[in-house]
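Step one of this worksheet: look at the structure below.
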Amino acid sequence: MKKLKIQGKEIREIGYPEGPVISIAMHVMEKNLKHHKKEVVIEILKKVSDAPEEYINDEVLSAIAKALLPKPSAEGAEISLNQHGIQFNVFGAEHIEQGALNQMYQAAKLPVAIAGALMPDAHHGYGLPIGGVLAVENAVIPYGVGVDIGCRMCLSVFDIDPAVLVQKESYFSRELNEATLFGGGRQFDRSTAHEILDNNLFNDISMLKPLQARAARQLGSSGSGNHFVEFGIVEIEELDEVLNIVPGKYLGLLSHSGSRALGAAIANHYTKIAKQKRRLPGEANNLAWLSLDEQEGIEYWLAMNLAGEYASACHHVIHAKIAGQLGRKPIKMVENHHNFAWKENFDGKDVIVHRKGATPAGKNLLGVIPGSMTAPGFIVKGKGETASLHSASHGAGRRLSRTAALGSISANALQNELRKHAVKLIGGGLDEAPFAYKDIQVVMKSQQALVDIVGRFIPKIVKMDGAAPKKRTKNSLHTHTGEPDGE
């Protein structure tokens, strides 16, 4: 049976006001009445519009009714944290800084918290620590997702002898330079046509509309900070039934970036609203949440998913460009988000799992965990470990802050390290030098219970943003361009 598909203009035509209620109505009806005829759904929506107070307690329609009723003018009172937080598991605790642990202890005291975990690459962030995993009940925390919504990994494996990376280094370097743009604020002169840009949410959620044109020009671009696109060697030692690649060495294309200015704008807009609605004490205010029963929560959820799809589209545009130049289609593509929230089941209860800088690692789920510009990355298969909420690290994790790295790492040291590993670096600053990161081998040993390693990626030609990092204030999550650098 054909599923219900309803458009915003059809809801406006029956008298719904311009604003968030349009997207809320679309979401509620397409989710709960997906097998009903459109004319029946329209009639129900008309009844709710005529008398919203009669549907305020309706199990399905209450969110629409609440969005139609006048909003109370007063902001919510300050919410206290629980005295004792939920228990959470820590992996590789001996390698995790105290600041990250303190942030996780704070998150564990949220009234909505159900379960949590801290990954071995964890370090201090904003709201949740990077490497933090938190399951909550019927709510979503914008800073629990992060500013770079949908930041993700994407690996294309080509049946090409990786020896060509040495034989034709200048050719492959040129392809990286031409396939994408790097840096905060960077955008193409012309936009790339893609179905993601035609998503109705750009019209149905008012804050998204002015972001559409910039998103179009940034599609297929990469960010600053730890974002990269690189060629390397994919090594498969044993045949894995899930990865399904014959053992051997292959040419790999690996990229890491997120949703650019679109995700940053969504994160900051809805975090501001969350902080107004739920005032939390001290630094815990960065953990303010939105209920998924209220219009702002539904809006954020829809916008977050749009940003995630946009981030995926950015990677696919880059990989398609390079595959076209190589004249080959990849034999396998492995990809995953690591700044996102998912609806999952934990201990028999439906929850929202935030993975901020953490890789989904459900049973037999494939993902990519990178090392650094000289250290290997890993193709992994999740074990579905409940203790980690089906999660693993998203990388090696920072050992030095950007400021500390710039003050302690020399250009000569970086060049020597690149020569030692036979890596060609295009762009990339001292703040991203390998010495700024934890030992990826140690991190992987700390999560042997969480993932199986089914392949390795050895970087050889690395493209990153070469601009000097922007200064960030205590309360700023991103540069003055309004874009994140990986959090």
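Selection of the range 96-136 for residues being polar (S, T, N, Q) and touching a residue at least 12 places away in the same chain (Cβ under 8 Å) yields Gln103, Gln106.
For the range 25-44, what are the residues that are charged (D, E, K, R), in a helix (DSSP H, G or I) and either within 13 Å of Ser62 (Cα to Cα) or open to solvent by 80 Å² or more (accessible area, probe 1.4 Å) (or both)? Answer for the range 25-44, where residues must be charged (D, E, K, R), in a helix (DSSP H, G or I) and either within 13 Å of Ser62 (Cα to Cα) or open to solvent by 80 Å² or more (accessible area, probe 1.4 Å) (or both): Lys31, Glu39, Glu43. Among the residues making up the range 7-24, those that are part of a loop (DSSP other than H, G, I, E, B) and either without any contact (Cβ under 8 Å) to a residue 60 or more places away in the chain or among the β-branched types (Val, Ile, Thr) (or both) are Glu13, Ile14, Gly15, Tyr16, Pro17.
For a quick check of your reading of the model, give me the residue pairs whose first member lies in the range 337-357 and is over 18 Å from Leu287 (Cα atoms) and of a type in the set (Asp, Glu), whose second is at pLDDT below 95 and outside any strand (DSSP E or B), with beta-carbon atoms closer than 7 Å and at least 6 apart or on different chains. Correct list of pairs: empty, since none qualify. Kindly indicate whether any position in the range 56-77 is of a type outside the set (A, V, I, L, M), in contact with a strand residue (DSSP E or B) (Cβ under 8 Å, 6 or more places away or on another chain) and either part of a loop (DSSP other than H, G, I, E, B) or open to solvent by less than 40 Å² (accessible area, probe 1.4 Å) (or both). Yes, some residue in the range 56-77 is of a type outside the set (A, V, I, L, M), in contact with a strand residue (DSSP E or B) (Cβ under 8 Å, 6 or more places away or on another chain) and either part of a loop (DSSP other than H, G, I, E, B) or open to solvent by less than 40 Å² (accessible area, probe 1.4 Å) (or both).
From the list Leu81, Leu4, Leu110, Leu101, exactly one residue is open to solvent by 20 Å² or more (accessible area, probe 1.4 Å), assigned to a loop (DSSP other than H, G, I, E, B) and of a type in the set (A, V, I, L, M). Which is it? Selected residue: Leu81, the only one of Leu81, Leu4, Leu110, Leu101 that is open to solvent by 20 Å² or more (accessible area, probe 1.4 Å), assigned to a loop (DSSP other than H, G, I, E, B) and of a type in the set (A, V, I, L, M).
Please find, within the range 20-73, the residue that is farthest from Ser206 (Cα to Cα) out of those that are of a type in the set (S, T, N, Q) and touching a helix residue (DSSP H, G or I) at 6+ places or on another chain (Cβ under 9 Å). Step by step, filter the range 20-73, then rank; the result is Asn57. Determine if the range 283-297 includes at least one residue that is open to solvent by less than 10 Å² (accessible area, probe 1.4 Å), part of a loop (DSSP other than H, G, I, E, B), among the small types (Gly, Ala, Ser) and more than 26 Å from Ala65 (Cβ to Cβ). No, the range 283-297 has no match at all. Annotation note: of Gln441, Gln447, the sole residue that is under 22 Å from the mean Cα position of the chain (by Cα) and at pLDDT 95 or above is Gln447.
Going residue by residue through the range 383-399, is there one that turns out to be assigned to a loop (DSSP other than H, G, I, E, B), modelled with pLDDT under 95 and open to solvent by 30 Å² or more (accessible area, probe 1.4 Å)? Yes - at least one qualifying residue is present in the range 383-399.
The values are calculated or read from the model by the stated rules, or taken from the named source; none is laboratory data. All figures in this text were calculated on a predicted structure; none of them were measured in a lab. Cβ atoms come from the backbone with ideal geometry, glycine included; neighbour counts cover every protein chain shown. The accessibility values were calculated without ligands, DNA or RNA, using every heavy atom of the protein model including side chains. Shrake-Rupley method; radii C 1.70, N 1.55, O 1.52, S 1.80 Å.
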